[in-house]
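Trainee: First, the structure itself, so that you have it in front of you.
The values are calculated or read from the model by the stated rules, or taken from the named source; none is laboratory data. Model, not experiment: these values are computed from the prediction. So basically every Cβ, Gly included, is an ideal-geometry build from the backbone, and we count neighbours across all protein chains shown.
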Amino acid sequence: MISKSSSRRGALILAAALAGALTLTACGSSDSGSGDSKDKGAKDKAASAEKVVKTAMGDVKVAAEPKRVVVLDTAELDSVVTLGVKPVGATRTDTASGFPEHLPKDMVDGVKIVGEMPDPNLETIAALDPDLILTSKLRHGDKYEQLKAIAPTVMTEETGLPWKENFLKHAEALGKETEAQTAIEGYKKRSAEVTEALGGKEKAAATEVNMVRFIEGADIRIYGKQNYIGTILTDVGLGRPAITDKAEDGFMVNVSPEKIDQAEADVIFHSTIGDPKKAKATQVLGGPLWKGLDAVKNDKVFPVKDELWIQGIGYTAANLILGELETALTK
């Protein structure tokens, strides 16, 4: 819920902008012809320093090269870091430091935490005086009016599965298209290297891999193909068990601890978010059904960090995941 003070702050920001525009107009009307020419030149220069970005919320005018960027989810944080842009503010994750530990320390040190991802603090964001806010309609569409009153806000439709397309949109907003292509080509090259390390395309395809996530307060998830980690496994050319074809919208299959045998695969990676006991991880990983899986018997089960494999949602995280995949699957 947006507080009254936050709403007033948004209104004040808009009022200040309008007042500034009126002041400039008044000054222009009293200047000489030479002054008018200078003002016109300044305005033309300012306009040329902007671009229009098509977003999930319509066209948005953005500075050609934004300098003070606030990001409101892990995908956007990965994007800016990948593109060499240190944000001035970001929402926190469930890690002790507030930011995913796999990100370069120098790119997150000193970044202001602007609240929890589901409910960012609008006043804290406004105080940072950003010139660009990056997020998605899925996460913060209900806050769009308040956010755009603070700064140009570029929203993608959703997060996760379309992470590659979203990355290009983030790069466009940041004026970092060249850097984006470098990151994309680097990832493609690394994916191909991992495939070769696994013995080539045929051998990779013959290895069925599952991703299981234990979540506090929810059912256990077996991830399908239509999600962030699913795209990375596909890029390497790895096989997926039949259970993934039953995933709702291709995203996931929810199972209870009593159905964990449905996670059977040649190789299983698993992560936990929240308290392991409350997420049922402790119960399942120590139970007979889990221990009876072929992957467990063959020592082909690998715990991984949730903030990287599930929440990373970007090229910096993806390259690290590729490294962990290669290490585990060539063990």
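Trainee: Please return the ranges of helices (runs of 4 or more DSSP H) entirely within the stretch 263-331 where 2 or more residues are more than 16 Å from Leu103 (Cβ to Cβ) and either at pLDDT 95 or above or outside the structural domain of Asp73 (by TED's automatic domain parsing) (or both). Even if it seems obvious, please write down each step before you answer.
Mentor: Details: elements: 281-285, 288-291, 294-297, 306-309, 315-329.
Helices (runs of 4 or more DSSP H) meeting the threshold: 281-285, 288-291, 294-297, 315-329.
Trainee: Something else about it: State all residues of the stretch 206-218 that are surrounded by fewer than 15 Cβ atoms within 10 Å (Cβ to Cβ) and under 23 Å from the mean Cα position of the chain (by Cα); if no residue qualifies, say none.
Mentor: Hits for the stretch 206-218 are Gly217, Ala218.
Trainee: Within the stretch 189-205, does at least one residue satisfy the condition of being crowded, with 20+ Cβ neighbours inside 10 Å, touching a strand residue (DSSP E or B) at 6+ places or on another chain (Cβ under 9 Å) and not assigned by TED's automatic domain parsing to the domain that holds Gly84?
Mentor: yes
Trainee: Checking the structure you have, find out if any residue of the stretch 111-121 is in the same structural domain as Trp163 (by TED's automatic domain parsing) and assigned to a helix (DSSP H, G or I). If you could, list the steps in order and put the result at the bottom.
Mentor: Let us first name the residues in the stretch 111-121 that are in the same structural domain as Trp163 (by TED's automatic domain parsing), namely 111-121.
Checking which are assigned to a helix (DSSP H, G or I) leaves us with none.
No: zero hits.
Trainee: Right, next: Go through the stretch 242-262 and give me each residue that's aliphatic (A, V, I, L, M) and exposed (fewer than 15 other Cβ atoms within 10 Å of the Cβ).
Mentor: Ala242, the sole residue that qualifies.
Trainee: Right, another one. Looking at the stretch 263-284, is at least one residue surrounded by 15 or more Cβ atoms within 10 Å (Cβ to Cβ) and among the acidic types (Asp, Glu)?
Mentor: Yes; the residues of the stretch 263-284 include at least one that is surrounded by 15 or more Cβ atoms within 10 Å (Cβ to Cβ) and among the acidic types (Asp, Glu).
Trainee: Those residues that are surrounded by fewer than 19 Cβ atoms within 10 Å (Cβ to Cβ), modelled with pLDDT of 95 or more and among the small types (Gly, Ala, Ser), I need them from the stretch 87-118; list them, please.
Mentor: Within the stretch 87-118, Gly110, Gly115 meet the criteria.
Trainee: Still on this structure, please answer the following. Out of curiosity, is Gln146 among the polar types (S, T, N, Q) and touching a Ser or Thr at 6+ places or on another chain (Cβ under 9 Å)? Talk me through it step by step, then tell me what you get.
Mentor: Working: among the polar types (S, T, N, Q): yes; touching a Ser or Thr at 6+ places or on another chain (Cβ under 9 Å): yes.
Here the answer is yes, as Gln146 does meet what is asked.
Trainee: Name the residue, out of Gly175, Gly160, that is touching a Phe, Trp or Tyr at 6+ places or on another chain (Cβ under 7 Å) and at pLDDT 95 or above.
Mentor: Only one candidate qualifies: Gly160.
Trainee: Would you mention how many residues in the stretch 156-168 are surrounded by fewer than 22 Cβ atoms within 10 Å (Cβ to Cβ) and either of a type in the set (A, V, I, L, M) or outside any loop (DSSP other than H, G, I, E, B) (or both)?
Mentor: So the answer is 4.
Trainee: I would also like to ask the following. On the basis of being part of a helix (DSSP H, G or I) and outside the structural domain of Leu322 (by TED's automatic domain parsing), does Ile125 make the cut?
Mentor: For Ile125, the condition - part of a helix (DSSP H, G or I) and outside the structural domain of Leu322 (by TED's automatic domain parsing) - is met.
Trainee: Any residue at all in the stretch 304-319 that is of a type outside the set (D, E, K, R) and without any contact (Cβ under 8 Å) to a residue 60 or more places away in the chain?
Mentor: yes
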